[in-house]
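Have a look at the structure below, then the notes.
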DNA sequence: AAAATTTTGTAAATAAATTGACAAAGCAAT
DNA sequence: ATTGCTTTGTCAATTTATTTACAAAATTTT
């Protein structure tokens, strides 16, 4: 007999309940009363909690179609994992029903996991501190990224420039970086993006910045760029996806949230500033109908 | 040392994370990525899933203040029992302990919704078609973005350039765009990022491209850029977040998944090419130790 | 009420998990 | 490159869990 993989174990128990003997039902009841955690301890403990003997637990598991207790428990865990997994991925099936293995699905799952576990790790005090730093117009801001993280640095710069003055994006050629630092002084902020493989140039730049008393805000990955020892604040995110390189999605997410936080800090000034800028852009670039 | 019963284990890990060594963090990361189920199997299995040895798992548990692995596990179960009993904390399975209204959490909710609803709308056949187009080395590729989407265009260009030849990122100044089109001919591909407010320049460029028989791949938002009428393939995503502008996170997600798909199509060539490039970059830029 | 049958538990055998001791590998400082 | 220190894994010892075999208890049938 093989366990039906379609049914949850609780459904399985309900459907087979009439086949169970008195003590077996006692075990089933105990499990259902605290489902599924009551089934996740050792067979000894589980039996003790239900006031039955260990062989009875084993026999029940076998009756439900499992080879042994460990198999039963593994099924419980698997089920729990799916239940706890992000409700969005799990429940909201796609209209067009792309197969589970489609790369979009694979990526979605990995990205959701990256996002949720990054959120669990990020300290929101750090986030708040960083957003205050970036909102403080007494500090100049320089932004720099590595080879692959340059676009994210660009994104942050573009958006911050809308919100405040004195925001510079360091060019992508490392040779010119030290030069840029001359414009910064003690108390100014260097935002640095460094994910693996960590670049020595960024490390050097951080050293220089530290010597000048410039505050470093570091975006890195879970393995932590060596720059983190010099950084005033470090925001580490998870970046693993099923491909040959790393994902910048969660980093971009944090960047956007930060920009939104800065926007909130500076709302009065921002409002006026954005109007001005919009006008400016309207003159430079032509826009089409504005939706909504 | 006794485990503080006030803290959840995930909080405990976060607070002691800096005390953990490399492999210990690997365990912590694995646990956090699939919390708390990843910690509920036997120590052997848990270690195997994290690709570390069992003693390392044990040492981590002890470092966190538990007497042994079974004690650690019992704490996880106890916590899980409480979590499952109280639906209010449900959300905290994927957010951290920051208050519900914290902008990080607000953003997380919005972003997850954007991602899932975009996934539901995107036709995976379109996605596959686009990935084939981009993988076809007989077609030249030009990439262009608007004012705010330029960084995403940059990201796509940087990554595609690793995978194949003939990838150009159009500069951010619209006046030079038409010039670039001269390098493209019938059957080549123009990837265009256009989210509200839709830019007239991009629209003009699309018209020109269409006249020359260039295939247009459009990334836009749910309201659809006017370019969509000229596009061979349109990928529309949801972009709303609680801030003054729109989110590029989901767009970047699709871009990354596309790059991964192209990588798969072209694996044999890619492999060699990436090796060459790595070497080239190693000569130009200096990298520090490569993690993992 | 006794016999037959089923259920349940005890206890031993087996298998597996946990832990500890130590050696190898990795890393940092020189 | 060498040394000293830290981290990590291997392997064996120990403990614990799981399973089996069988006997006792309970239940049902006659």
Note: A:18-29 gets an average of partner chain Cβ contacts (10 Å, Cβ to Cβ) equal to 0
Other copies of residue B:54: label-to-label distances in nm, shortest first, labels 7 Å along the beta-carbon direction: 1.7
Only helical DSSP H runs with n ≥ 4 go in: add -39500 (n - 2.57) per run for chain A, normalise by residue count and round the 222 nm mean residue ellipticity to 500 deg cm²/dmol. -16500 deg cm²/dmol
Measuring label to label, 7 Å along Cα→Cβ, what does residue A:244 give against each other copy in nm, shortest first? 4.0
May I ask for the angle, rounded to the nearest 10°, between helix B:54-63 and the longest principal axis of chain B, with both axes built from Cα atoms and the value confined to 0 to 90°? 70 degrees
Considering every pair of different Cα atoms, what Kirkwood radius, in Å, is found for segment A:9-84? 12.1 Å
Taking every residue of A:155-161, the Cβ atoms of other protein chains inside 10 Å of its Cβ average out to 3
Provide Rg and Dmax in Å for chain A, with only Cα atoms included in the calculation. 27.3, 82
With R₀ set to 30 angstrom, the calculated FRET efficiency between the beta-carbons of residue A:106 and residue B:166, to the nearest 0.05, is 0.60
For residue A:62 and residue B:67, what is the calculated FRET efficiency with R₀ set at 35 Å and r taken between the beta-carbons, to the nearest 0.05? 0.60
Distances in nm between the label point of residue A:21 (7 Å along Cα→Cβ) and its equivalents in the other copies, shortest first, are 5.1
Evaluated at 25 °C with a viscosity of 0.890 mPa s, what Stokes-Einstein diffusion coefficient in µm²/s does segment B:113-284 have when Rh comes from the Kirkwood expression over alpha-carbon pairs? 150 µm²/s
Over all residues in B:217-223, what is the mean tally of Cβ atoms on other chains that come within 10 Å of each residue's Cβ? 1
For residue A:176 and residue A:33, compute 0.36 nm times the residue count separating them, minus their Cα-Cα distance, and round to one decimal in nm. 44.9 nm
Centre separation in Å (Cα based) which lies between segment B:210-232 and segment B:131-188: 14 Å
Based on the Cβ-Cβ distance from residue B:137 to residue A:81, what FRET efficiency comes out when R0 is 41 Å, to the nearest 0.05? 0.50
Multiply the residue separation of residue B:269 and residue B:48 by 0.36 nm, subtract the distance between their alpha-carbon atoms, and state the gained length in nm to one decimal. 76.2 nm
Hydrodynamic radius by Kirkwood, which averages 1/r over all alpha carbon pairs of the protein assembly as shown, in angstrom: 26.0 Å
Exposure-ranked with fewest Cβ neighbours within 10 Å first, A:66, B:69, B:193 stand as B:69, A:66, B:193
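A short reminder: the numbers here are calculations on the coordinates, not readings from a lab. Please read these numbers as outputs of a predicted model, since none were measured by experiment. Positions of Cβ are backbone-derived with ideal geometry, glycine not excepted, and every protein chain shown enters the neighbour counts.
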